[in-house]
Amino acid sequence: MARSLLALASALPAVMALNNGLALTPQMGWNTWNRFGCGIDEDLIVGSAKALVSNNLTALGYNYVLIDDCWHADSRDPDTGAPVENKDKFPNGIKGVADQIHDLGLKVGIYSSAGTYTCGGKFGSLGFEEIDAKTYASWGIDYLKYDNCYNEGRAGTPPVSYERYNNMSRALNETGRPILYSMCNWGEDGPWNFAVDIANSWRISGDIYDNFDRYDVRCPCTDMLDCKLPGFHCAVTRILDFSAPLGQKAGRGHWNDLDMLEVGNGGMTFDEYVTHFSMWALVKSPLILGNDVTDMSDDTKTIITNDAIIAVNQDPNGSPATRVWKRSLPDGGDLQLWSGSLVNNQFVFAVLNTGTSNHTEDISLIDVFTDQGKSFGSGTFTLFDLWQKDDSGKWGKNIGDFQGKVSVTVGAHQTKVYRATPASGAKRAVDEL
Ligand code: GLA
């Protein structure tokens, strides 16, 4: 008996994810907040859902349409305590919006806070978890983003935060409807340690800000592992720094959420948005668009439709890339090497330049394949540049076979991303391991 239990235990994955069968790859979709804040209504949301379809974004995987803060009426139903939507903004109710989104073949999400109020000052769900979860399920909701404002001080240690967030996790499960549970407690108390079996994803930092690297005192932490004030206005490179040690905690069904995308919102250059999108994809953050999908520039479309980058994010292995090194550059920026593995003996690596001038570096393939061992990394690899198109117009241009090193030139604030596949030499090497 003891032996068979042991055998069973060793057959289980090391970490159990929330058992709702959802988010086996990071969730993808569109959310109202980054672009529209509280200025939302039925027309905007249904119109955006239609634009996701007509721009072929749904075919690429952007399937969740997420209603963020400010859908609420002034107060709950005074008799039942059930949540009520703002009828001026949503004349057909949230259920009416959900029906239209489902008719388009998409899924729909809603937002609340594990506090007395939401961050926008609407009624929160603390103490109302069951009735809220039931109501969301009755509206046909498929996804809940659950925030952390006005939490009445019920945070500060992992067990205290766990209890508050687990109350909603349980309530959602009890509805019997599969509802993706996206925790948004900004990394407080280390959700990557306490939430792996209660949530499908958890935010790791204060709110993103449409800027590449500007320091803002409102995002004061330098290390999320020891952060008492996650804040907001966190630039892209800062959130990426926070995420660097956390990849080890994410996997199928439970992801680090680096916050919603800003691509297309105007605060960054094309190269900066490429970096933002690429790195979010490599570390397996949910890819939630935060721009106006009814009105997009060609540059924005180019970035968010790169299916080779999306394939990295959605790789069935669910293994986040990790940062191998970060080296200071003479211009004050740094060069970073990130690498990760994909299914079928495929690999991905990225070279990111946070500095303000071009930089060329010989990237050691032994470094790229640190996790696979020296023998493997000494092999020969065919590399595909995932931000170049091949002759047939597909993302991922074969740039040749390499052994030992590859010389990479990266522009200011740019990221180069490569998929690597072992050529025959490296295949022999892996057999020797
Ligand atoms: C918090 C969250 C944001 C957004 C707003 C809404 O700041 O972190 O993503 O949901 O609340 O008020």
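The values are calculated or read from the model by the stated rules, or taken from the named source; none is laboratory data. Just so it is clear, the model here is predicted, and its values are computed rather than measured. Glycine also receives a Cβ, built like all others from the backbone with ideal geometry; neighbour counts cover every protein chain displayed.
Worth a mention:
- Any hit, the stretch 129-136, residues being of a type outside the set (D, E, K, R), in a strand (DSSP E or B), in contact (Cβ under 8 Å) with a residue 24 or more places away in the chain and assigned by the TED database to the domain that holds Asn63: no
- Within the stretch 225-246, considering residues that are closer than 26 Å to Leu172 by Cβ and in a helix (DSSP H, G or I), the one farthest from the ligand (Cβ to nearest atom): Leu246
- Single residue of the stretch 20-54 satisfying the filter (among the aliphatic types (A, V, I, L, M) and in contact with a Pro (Cβ under 9 Å, 6 or more places away or on another chain)) that is nearest to Gly267 (Cα to Cα): Met28
- Per-region count, the stretch 278-300, residues without any contact (Cβ under 8 Å) to a residue 60 or more places away in the chain and either surrounded by 24 or more Cβ atoms within 10 Å (Cβ to Cβ) or part of a loop (DSSP other than H, G, I, E, B) (or both): 5
- Considering only residues in the stretch 394-416 that are part of a loop (DSSP other than H, G, I, E, B) and within 27 Å of the chain's Cα centre (by Cα), the one that is farthest from Asp334 (Cα to Cα) turns out to be Lys394.
- Selected residue [within 16 Å of the ligand (Cβ to nearest atom), in the same structural domain as Glu152 (by the TED database) and in contact (Cβ under 8 Å) with a residue 60 or more places away in the chain] from Leu60, Leu44, Leu66: Leu66
- Sole residue being farther than 15 Å from Tyr111 by Cβ, in the same structural domain as Gly37 (by the TED database), small (Gly, Ala, Ser) and within 16 Å of the ligand (Cβ to nearest atom), chosen from Ala195, Ala171: Ala195
- Qualifying residue in the stretch 28-44 (condition: within 25 Å of Met183 (Cα to Cα), in a loop (DSSP other than H, G, I, E, B) and in contact with a helix residue (DSSP H, G or I) (Cβ under 6 Å, 6 or more places away or on another chain)): no
- Of the residues making up the stretch 103-143, those that are among the polar types (S, T, N, Q) and touching a Pro at 6+ places or on another chain (Cβ under 9 Å) are Ser112, Ser125, Thr135.
- Per the conditions (1) surrounded by fewer than 24 Cβ atoms within 10 Å (Cβ to Cβ); (2) closer than 22 Å to Tyr111 by Cβ; (3) free of Cβ contacts under 8 Å to residues at least 24 places away in the same chain, the sole criterion not satisfied by Asp223 is (2).
- Checked against the criterion of being within 15 Å of the ligand (Cβ to nearest atom), part of a loop (DSSP other than H, G, I, E, B), in contact with a strand residue (DSSP E or B) (Cβ under 9 Å, 6 or more places away or on another chain) and β-branched (Val, Ile, Thr), the stretch 205-223 has no qualifying residue.
- Among (1) among the hydrophobic types (A, V, I, L, M, F, W, C); (2) in contact with a Lys or Arg (Cβ under 7 Å, 6 or more places away or on another chain); (3) surrounded by fewer than 24 Cβ atoms within 10 Å (Cβ to Cβ) - the single one Ala250 does not satisfy: (3)
- The stretch 47-57, subset surrounded by 19 or more Cβ atoms within 10 Å (Cβ to Cβ) and either on the phi > 0 side of the Ramachandran plot or assigned to a helix (DSSP H, G or I) (or both), residue nearest to the ligand (Cβ to nearest atom): Ser48
- Some residue of the stretch 147-163 being farther than 23 Å from Lys228 by Cβ, out of contact with any Cys (no Cβ under 9 Å at 6 or more places or on another chain) and not aliphatic (A, V, I, L, M): no
- Test: residue in the stretch 204-215 that is of a type in the set (A, V, I, L, M), in contact (Cβ under 8 Å) with a residue 12 or more places away in the chain and either in contact with a Gly (Cβ under 6 Å, 6 or more places away or on another chain) or more than 22 Å from Asn353 (Cα to Cα) (or both): yes
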